[in-house]
1. Given a Förster distance of 56 Å, report the FRET efficiency between R4 and T210 from their Cβ-Cβ distance, rounded to the nearest 0.05.
2. Starting with the highest mean, order 381-391, 354-364 by the number of other Cβ atoms within 10 Å, averaged over the residues of each peptide.
3. Starting from the 7 Å offset along Cα-to-Cβ, what nm value, one decimal, do you get for the label separation of T249 and Q425?
4. Report the full-extension gain for the segment S125 to Q287: residue separation times 0.36 nm, less the Cα-Cα distance, to one decimal in nm.
5. Per the helix-only calculation at 222 nm, which mean residue ellipticity applies to the chain, given -39500 (n - 2.57) for every DSSP H run of n ≥ 4 and division by its residues, nearest 500 deg cm²/dmol?
6. Which of the chymotrypsin sites (Phe, Trp or Tyr not before Pro) across the stretch 199-295 are loop residues per DSSP, with 10 or fewer other Cβ within 10 Å?
7. Which listed residue (L203, V153, S182) has the Cα farthest towards the positive end of the charge dipole for the chain, taking +1 on Lys and Arg C-beta and -1 on Asp and Glu C-beta about the Cα centre?
8. For the chain, build the charge dipole from Cβ charges (+1 Lys, Arg; -1 Asp, Glu) around the Cα centre, then report which of V246, Y256, A127 sits farthest towards its positive end.
Amino acid sequence: MEIREVAVVGMGTMGAGIAEVFARAGISVVAIDVDAQALSRGMAALDASLARAVSRGKLTSSEQAQLLGRVRAAAGFGDAAGADLAIEVVPERLEVKRQIFAELDRVCRPDAILASNTSSLSVTSIAAGTKNPGRVIGLHFFNPAPVMRLVEVVSTVLTADGLPGEIASLARRLSKTPVQVSDRAGFVANALLLPYLNHAASLFERGYATAEDIDVAATAGLGLPMGPLALLDLIGLDTSLSVLDVLHTEFGGSRYMPTPLLRRLTEAGRTGRKAGRGFYTYPAAPQTSDNGNEPAAVPATVTLVGLGDAAETELASMIAAAGLNVTRNTGHPTDLVVIAAAPERPVLPEALAAGRPGQAVGLHLAGSGLAEVVRTALSTEAAVAAADALASRLGLQAVHSPDRPGFLVGALLYPHLADAVRMVQDCYASAADVDTAMRLGCGYPQGPFHLLDKAGLRQALDVLRAMYAEYGDPAFAPPPLLAEHAVASLGFTSAP
Ligand SMILES: NC(=O)c1ccc[n+]([C@@H]2O[C@H](COP(=O)([O-])OP(=O)(O)OC[C@H]3O[C@@H](n4cnc5c(N)ncnc54)[C@H](O)[C@@H]3O)[C@@H](O)[C@H]2O)c1
């Protein structure tokens, strides 16, 4: 069916953006809202967004006028009668959504397509209450809708054959990239993003690392545009909590069970940026690097211990290039014993073998310009401070990690990648679709499968096995598909 007119029901944050997306594609829009003020605010938001595009030279004044001419504010639900497609963008509550669909059932043509922009509710349970569930589909846009290119097209067991393909074509006409999935909580992007954010919050809550180090591990270590705790503050801890609750009800398990701190901060009203405080305070307090302590001296000679692998060679040449002496003689009385560490093996046994565990600290180069300084149970404060000073001399940003599998970067990354692999293993989405969803929906520079191929399947497998052995949490058990690919040396992407 040719979509000429669309009814957008709910002109809030998302609705106004979605109305703009349709109008930009030359489709007429009827904007509906239960609240007259909200409708005017939505129309004003659309106006302002187009005015910004004109001022940036991205739209001409005449295009702006044509676009605005395509969007009319409706007097009520009756105005949806001529719509070929109606999309509801009302608050994330099942009873409200059901009520909207009952209204749409009453006023829309029997052949009109009814869509929901729900992020986490079951599209099936919305569809099941309608007269013709075959024409109901999920059409999940991301915020801000005019900018974000991903659209998740969600079909249910009741959706008519052919409709998902039709809606995916419509998404392309809107200059979006569709990913077609079936109806599972969180679809692709939220089902992968939220457990990763939750795990980061849990690492912070358990004192594994500081908030700043966790965020730097994700940005400098993984190349993500934002750290997970800063992102939770941006999304809102309350919103994140309710999506996690839905995911936990659907899937169970520790990855989705909201870490208690998220609930406590939400109860305390510290919901993130919008409240001025979440994991961080907004506006941010001016940064001061002066913690009152004298910076530790860089040791003139460093004892380096390793397995003679590439990591050790790289560290040795970096230390030498910084004008410091490197000795492999563990009997030599230096202030710092650097263990060239790998995230799948603990540092402490090597520190003990070196004979001076107090002075021994693990150092792991993780990503460009990032060093994980790994403190064992026996590392002294002085040794950690000396390792920090060394990292700084080598031009590396340092984050601190306990001596646990994956250290900090790997503990964040590999369970996240395992979740992505499970999605493919379950035949829920292809690796290419998962990568597309995370790139276009969450702003990842590279999708999880590109990250996995880059990190190496063997290392992912070994870290996950070590995490599972140490914590006993089935969420860390490597998915069989990962093990199969690792043994077969088979990447998940054609161009890793
Ligand atoms: N905000 C996001 O980042 C985001 C991203 C993707 C999807 N979503 C989903 O989009 C939907 C809307 O979210 P939002 O953030 O735009 O909410 P919002 O609160 O900003 O807007 C909701 C709008 O719906 C209107 N409304 C409420 N009840 C109504 C009714 N019975 N009939 C007509 N209009 C009614 C409200 O007046 C308001 O204008 C939710 O399902 C949400 O999960 C939100």
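1. 0.55
2. Order by mean packing, descending: 354-364, 381-391.
3. Each label point is offset 7 Å from its Cα along the Cβ direction, giving 2.7 nm.
4. 53.4 nm
5. -13500 deg cm²/dmol
6. Here no loop site has a sparse enough neighbourhood.
7. Selected residue: V153.
8. Highest projection toward the positive end goes to A127.
Read-outs throughout are calculated quantities, based only on the coordinates presented, and are distinct from any laboratory measurement. Bear in mind the structure is a predicted one, so any value in this text is a computation, not a measurement. Cβ atoms come from the backbone with ideal geometry, glycine included; neighbour counts cover every protein chain shown.
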